[in-house]
Amino acid sequence: DQQVKQNSPSLSVQEGRISILNCDYTNSMFDYFLWYKKYPAEGPTFLISISSIKDKNEDGRFTVFLNKSAKHLSLHIVPSQPGDSAVYFCAASEVTMSNSGYALNFGKGTSLLVTP
Amino acid sequence: DAGVTQSPTHLIKTRGQQVTLRCSPKSGHDTVSWYQQALGQGPQFIFQYYEEEERQRGNFPDRFSGHQFPNYSSELNVNALLLGDSALYLCASSLWLAGISGANVLTFGAGSRLTVL
């Protein structure tokens, strides 16, 4: 049962333009959301996160927006650069009790290609 | 500062065999999690260890087991390998207290690529 969904397997954007990657989730208990970037032959690298008490978080060229009522989040990259070409994973975790551990639920990823 | 290191990077096994994968967490981290990433899929949570105990487990059979050592390093063991166990196995480390507070940011290693023939 896929609780985090990334419905676009791939996205192609021209250098300098905005890249928008989307993610939907079904579990209303999720309270923390993350984006990871993955290059071939490397592990996923943390990019940016957002808590459920916020609706926007910015870090340089990267902004994540959270719409809790729609159970939707998006990652905006402005301006896009060729080095941003990678697979982007959306992930979410839910409220945990102390000592019970925590897990990330990942989407299937969106492959972003930024062309010069 | 060394990040998360995993070994071996690649290995090939046959059905029915057993495999052990190893992970050293990022310096300063005390919690280790294991994820399985099949081709074309996102990482799936296997289990998480803290203070040498399994704290949470995903939907994986008992053939998957793990261990955490006093130096925080960890092993993932898979018995009676099936063809479907072929995947990239990712180890991730984090700080237990940060995760409990809600900031569940994991640092991942490059993974161990397991092929079962």
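The values are calculated or read from the model by the stated rules, or taken from the named source; none is laboratory data. Because the structure is a prediction, the values reported are computed rather than measured. Every residue, glycine among them, receives a Cβ derived from its backbone with ideal geometry; neighbour counts consider all protein chains shown. Side chains are part of the model used for accessible areas, which takes the heavy atoms of the whole protein and leaves out ligands, DNA and RNA. Shrake-Rupley method; radii C 1.70, N 1.55, O 1.52, S 1.80 Å.
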Legend entry - For residues of A:102-114, the mean tally of beta carbons on other chains within 10 Å: 5
Inset, instruction - Only helical DSSP H runs with n ≥ 4 go in: add -39500 (n - 2.57) per run for chain B, normalise by residue count and round the 222 nm mean residue ellipticity to 500 deg cm²/dmol. - result: -1000 deg cm²/dmol
Inset, instruction - Round to a whole angstrom and tell me the spacing of the C-alpha centers of the range B:63-112 and the range B:1-49. - result: 5
Inset, instruction - Nearest 100 Å² is fine: how much accessible area is buried between A and B, summed over both sides, with a 1.4 Å probe? - result: 2000
Legend entry - DSSP bridge pairs, the range A:4-111: antiparallel proportion in percent, nearest 5: 95
Legend entry - Tail fraction, Cα-Cα pairs, the range A:4-111, threshold 17 Å, whole percent: 51
Inset, instruction - Work out the FRET efficiency for A:GLN81 and B:ARG22 from their Cβ-Cβ distance, taking R0 = 25 Å, and round it to the nearest 0.05. - result: 0.10
Inset, instruction - Can you work out the accessible area per residue across chain A, with the rest of the protein chains kept in place, probe 1.4 Å, in square angstrom? - result: 49
Legend entry - Percent of alpha-carbon pairs separated by more than 21 Å within the range B:5-116: 30
Inset, instruction - Report the FRET efficiency, 1/(1 + (r/R0)^6), for A:ASP59 and A:GLN2, where r is their Cβ-Cβ distance and R0 is 25 Å, rounded to 0.05. - result: 0.40
Legend entry - Accessible surface of chain B, 1.4 Å probe, proportion on carbon and sulfur as whole %: 51
Legend entry - Rough spin-label spacing in nm, given labels placed 7 Å along Cα→Cβ, for A:LEU113 and B:ASP62: 4.8
Inset, instruction - Pop out a list of residues from the range B:1-46 that are at least 30 Å² less accessible with all the protein chains around than in their chain alone; 1.4 Å probe, no ligands or nucleic acids counted. - result: B:TYR35, B:GLN37, B:GLN41, B:GLY42, B:PRO43
Legend entry - Estimated dipole of the protein assembly as shown in Debye, rounded to 20 [Cβ of Lys and Arg +1, of Asp and Glu -1, Cα centre]: 540
Inset, instruction - Just need the relative contact order of chain B here, percent rounded to a whole number, with Cα pairs under 8 Å and 6+ apart. - result: 36
Legend entry - Distance between the range A:14-35 and the range A:49-116 - C-alpha centres, whole angstrom: 4
Inset, instruction - Report the residue, chosen from A:LEU34, A:LEU66, A:LEU11, that carries the largest GNM mean-square fluctuation when chain A is represented by alpha-carbon nodes joined by springs under 10 Å. - result: A:LEU11
Legend entry - Shielded by partner chains, the range B:77-114 residues - at least 50 Å² of accessible area, 1.4 Å probe, vs chain alone: B:ILE100, B:ASN104, B:VAL105, B:PHE108
Inset, instruction - Leaving ligands, DNA and RNA out of it, report the carbon-plus-sulfur percent of the accessible area of the range A:4-111 at a 1.4 Å probe. - result: 49
